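Below you'll find the structure, written out as C-alpha cells, and then a few comments.
The values are calculated or read from the model by the stated rules, or taken from the named source; none is laboratory data. Keep in mind that this is a model prediction, so the values were computed, not measured. Neighbour counts run over all protein chains shown; Cβ positions are idealised from the backbone, glycine included.
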Amino acid sequence: MAKSEYHDPKLLEGEREQPGILVDAVALLGLYLRALPMMNATDRQRYGDRAVDLILDVIASFQMAYDFEEDRAQYVRELCRATSKFVFLSRVIGETNAISKNLKHEKMTPNAMRLEIFQRTASLDEGVTKWRRSIFGVRKRNRGTTSLAGGEQTPDQ
C-alpha cells in the first residue's frame, strides 16, 4: 500500500519529515523553472526543458520507490538512471554557460543560480547514492556516482 498521502510514520530522533532526496529534487525543479527565462531560446529548448523533464522523472521514480516497498529495488534503479541523466545534463548546462541572462525581476544572478543548482545537484546525487547503497548493501566504492558500476551485485543477481 502506498504511504505518501495517508501514512504518517513516527520520526526518529534527528530524522526530517521529508526525505532529503525529495527536498533536493523539488528545490531543483523550482530552480530550473526560475532559470528557464535566463536561457536563450535555443538553450531553453536544448537543455532547459529536458532538465525539467528529467528532474520530474527523478521525483516520480523516488515517489514510486518510497511508496512501494515490494518493488523498491526496481524503482531505485530507475531513480539512479534518471539521476545519472539529470546530473550529466546539469554538467552540460554548466559547461555551455546556458544560464546567462540577468533578469530584472529575478533576485538571483545567473552565477548564483548556477551555483545553487550545482550544490543541490551534488546533494541529490549524494542522497541517491546513499539510499542505493543502503538498499543494495553496497560498500563505499565508486563514491559519488549513482550508477551500479564496478561489479556491484544487487539482491536479484
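Assorted remarks:
- In region 66-80, the qualifying residues are those that are free of Cβ contacts under 8 Å to residues at least 40 places away in the same chain and not hydroxyl-bearing (Ser, Thr, Tyr), and the one that is surrounded by the most Cβ atoms within 10 Å (Cβ to Cβ) is Glu78.
- No other residue among Glu78, Glu95 is under 21 Å from Ile21 (Cβ atoms), out of contact with any strand residue (DSSP E or B) (no Cβ under 9 Å at 6 or more places or on another chain), among the acidic types (Asp, Glu) and in a helix (DSSP H, G or I) apart from Glu78.
- Options Glu15, Glu70; residue that is in a helix (DSSP H, G or I), at pLDDT below 90, of a type in the set (Asp, Glu) and over 12 Å from the mean Cα position of the chain (by Cα): Glu70
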